[in-house]
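The values are calculated or read from the model by the stated rules, or taken from the named source; none is laboratory data. Only a predicted model underlies this, so the values are computations on that prediction, with no experimental measurement involved. With ideal geometry, Cβ positions are generated from the backbone for all residues, glycine too; neighbour counts draw on all protein chains shown.
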Amino acid sequence: ASHLASGKAEVIKTHHNDSQLIRALRDQGHVVEPLKDFHKDEVRKLGRDLGLPADLVMRHPFPGPGLAIRVLCGEESYMERDFAETQVVVKIIAEYDQMLQKKHALLNRVESATSEEDRTELKRVSSRQHLAATLLPIRSVGVQGDCRSYSYVVGLSCDRKEPNWDDLMFLAHLIPRVCHNVNRVCYIAGDLVRDQILDITPTFLTSIVLATA
């Protein structure tokens, strides 16, 4: 919805092809945008309904982030006063099935921000594999509502070599809804992360570092 995003919402970022020339041509009615009222997920659903192949529907921009990794950098740990409580809440989400039995005091944070259907699915997800949610002491840029935000990142890890990606995707959508100070959820490859991460490692962003990340 280019005209809506440009005129009604807070400016997050301008699309690379939404230039002043395009805006002037659009105002004159010279730009045909048959999908302008659809968001990306709706365009993909439309593509699936039309029978388009999955590799076309789910492709990423290229050149661009399609084949790239995201590198988050910081000069020092980012831990505000809400860090400790947020760590507890994301732990409750990842271990929801166990926390129900323990009657944790912060369970109400999860229950007040989720539907009964969400909680049923969360119970199923958290009972089928051992998951850990770790609040990372870094900030990430993201989009929440119509605004750009700079908030915490949560890393998910599990005790399996191959995680259930559908379960991780469910948690990645749920966690920022419960914790509004989290705007990005990522997967930590390797073993289950059992301890909190409270510092960052000083290093240089070289090709060798990226290759071993």
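Of note:
- Tally of residues being within 28 Å of residue 198 (Cα to Cα) and outside any helix (DSSP H, G or I) across the range 112-153: 24
- Enumeration of residues in the range 172-213 that are loosely packed, with under 11 Cβ neighbours inside 10 Å and of a type in the set (Phe, Trp, Tyr): 204
- All of (1) exposed (fewer than 14 other Cβ atoms within 10 Å of the Cβ); (2) among the hydroxyl-bearing types (Ser, Thr, Tyr); (3) out of contact with any Leu (no Cβ under 7 Å at 6 or more places or on another chain) hold for residue 126 with one exception: (1).
- Verdict on residue 175 being aliphatic (A, V, I, L, M), within 22 Å of residue 92 (Cβ to Cβ) and touching a residue at least 12 places away in the same chain (Cβ under 8 Å): yes
Rundown of residues vs (1) surrounded by 10 or more Cβ atoms within 10 Å (Cβ to Cβ); (2) at pLDDT 75 or above, yes/no style:
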{"site": "4", "(1), (2)": "yes, no"}
{"site": "16", "(1), (2)": "no, no"}
{"site": "29", "(1), (2)": "no, yes"}
{"site": "38", "(1), (2)": "yes, yes"}
{"site": "50", "(1), (2)": "no, yes"}
{"site": "59", "(1), (2)": "yes, yes"}
{"site": "77", "(1), (2)": "yes, yes"}
{"site": "86", "(1), (2)": "yes, yes"}
{"site": "96", "(1), (2)": "yes, yes"}
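- The residues of the range 78-116 that are of a type outside the set (A, V, I, L, M, F, W, C), under 21 Å from the mean Cα position of the chain (by Cα) and under 30 Å from residue 161 (Cβ atoms), listed by number, are 86, 87, 91, 95, 96, 114.
- Within the range 122-133, not a single residue is charged (D, E, K, R), at pLDDT 90 or above and within 30 Å of residue 206 (Cα to Cα).
- Only a single item in (1) assigned by TED's automatic domain parsing to the domain that holds residue 139; (2) over 16 Å from the mean Cα position of the chain (by Cα) is not met by residue 166, and it is number (2).
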